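Have a look at the structure below before the remarks.
The values are calculated or read from the model by the stated rules, or taken from the named source; none is laboratory data. What you see is a predicted model, and the numbers here were worked out from it, not measured in a lab. A quick note on method: Cβ atoms are made from the backbone with ideal geometry, for glycine too, and the neighbour counts reach across all protein chains shown.
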Amino acid sequence: MLTRRLTVGFLGTNCYLVTCEKTLEAIIIDPGFGADETENVLREITEKDLRLKYVVDTHGHADHVSGNGALKQATGAEILIHEDDAPLFADPWRNLSKMMGLTVASPPADQLLREGDLIRVGSSELEVMHTPGHTAGSISLHCASDGIVFTGDTLFAGSIGRTDLPGSSFEDIVGSLSRLMGLPAQTVVYPGHGEKTTIGKERRENPFVLG
């Protein structure tokens with residue numbers, strides 16, 4: 001499975017294009033791009049002759065979902081989000097679009113995710129881990145066979161997502177961090193912002209984990 005990071009939007013959101021190299025089936029995680037970046041993302045898909053199956057949002061904040069509509073319109077890909085964050089699509093205060101000065105009108109979700117669901121990309125599987133705290137419906141996506149996890153805004157290199165926002169909870173994110181730290185130390189972490197890291201490094205150095 002091939003992972004390509006695209007840093008998009010004015011908050012530098014990590015949007016991931018995840019592809020099965022054998023089948024050319026693909027998903028996009030957290031398409032937080034604006035209209036001016038849509039063409040570049042679609043070109044990436046077209047030039048590689050990829051079949052975009054899903055758009056997966058790790059949570060419902062505007063800087064992670066703003067490209068949902070453009071991708072669905074252009075490719076027909078289904079939109080997936082945890083059931084607890086699906087209502088954020090229609091709430092400009094809870095999805096922070098009002099705070100960010102954005103207009104976000106994501107189509108409704110095609111599938112609502114829950115703990116333990118499996119998202120298949122060609123021959124690989126991503127397991128949904130419900131990791132609330134940054135939002136009530138934040139998820140991480142763990143691919144055990146590839147030794148990787150996409151953590152959205154739950155876990156960053158050396159830090160964690162904000163818990164002072166509507167619907168967030170520091171107590172919940174501490175529990176989510178504990179779950180993530182239970183993954184193998186060599187697991188590569190692809191966060192929602194910033195550089196990649198590993199579970200082992202975060203165990204040793206992240207002050208919120210050591211805390």
Qualifying positions in the range 162-211 - more than 17 Å from GLY152 (Cα to Cα) and assigned to a helix (DSSP H, G or I): GLU171, GLY200, LYS201, ARG203, ARG204, GLU205, PRO207, LEU210
Filter the range 7-22 down to the residues that are touching a Gly at 6+ places or on another chain (Cβ under 9 Å) and either modelled with pLDDT of 95 or more or closer than 18 Å to GLU78 by Cα (or both) and list them by number. THR13, ASN14, CYS15, THR19, CYS20
Search result, residues across the range 1-11 that are in a loop (DSSP other than H, G, I, E, B) and touching a strand residue (DSSP E or B) at 6+ places or on another chain (Cβ under 6 Å): MET1
Inspect the range 191-206 for any residue being out of contact with any Pro (no Cβ under 6 Å at 6 or more places or on another chain), surrounded by fewer than 20 Cβ atoms within 10 Å (Cβ to Cβ), touching a residue at least 40 places away in the same chain (Cβ under 8 Å) and among the hydrophobic types (A, V, I, L, M, F, W, C) and give the result as yes or no. no
Filter the range 131-142 for residues that are more than 14 Å from GLY182 (Cα to Cα) and more than 11 Å from the chain's Cα centre (by Cα); which is surrounded by the most Cβ atoms within 10 Å (Cβ to Cβ)? THR135
So which residues in the range 103-130 are at pLDDT 95 or above, part of a loop (DSSP other than H, G, I, E, B) and surrounded by 17 or more Cβ atoms within 10 Å (Cβ to Cβ), if there are any at all? ALA109, ASP117
Within the range 30-57, how many residues turn out to be surrounded by fewer than 19 Cβ atoms within 10 Å (Cβ to Cβ) and within 10 Å of THR75 (Cβ to Cβ)? 3
Those strands (runs of 3 or more DSSP E) lying entirely in the range 18-102 with at least 1 residues touching a helix residue (DSSP H, G or I) at 6+ places or on another chain (Cβ under 9 Å), closer than 30 Å to ASP164 by Cβ and touching a residue at least 40 places away in the same chain (Cβ under 8 Å): 25-29, 78-82
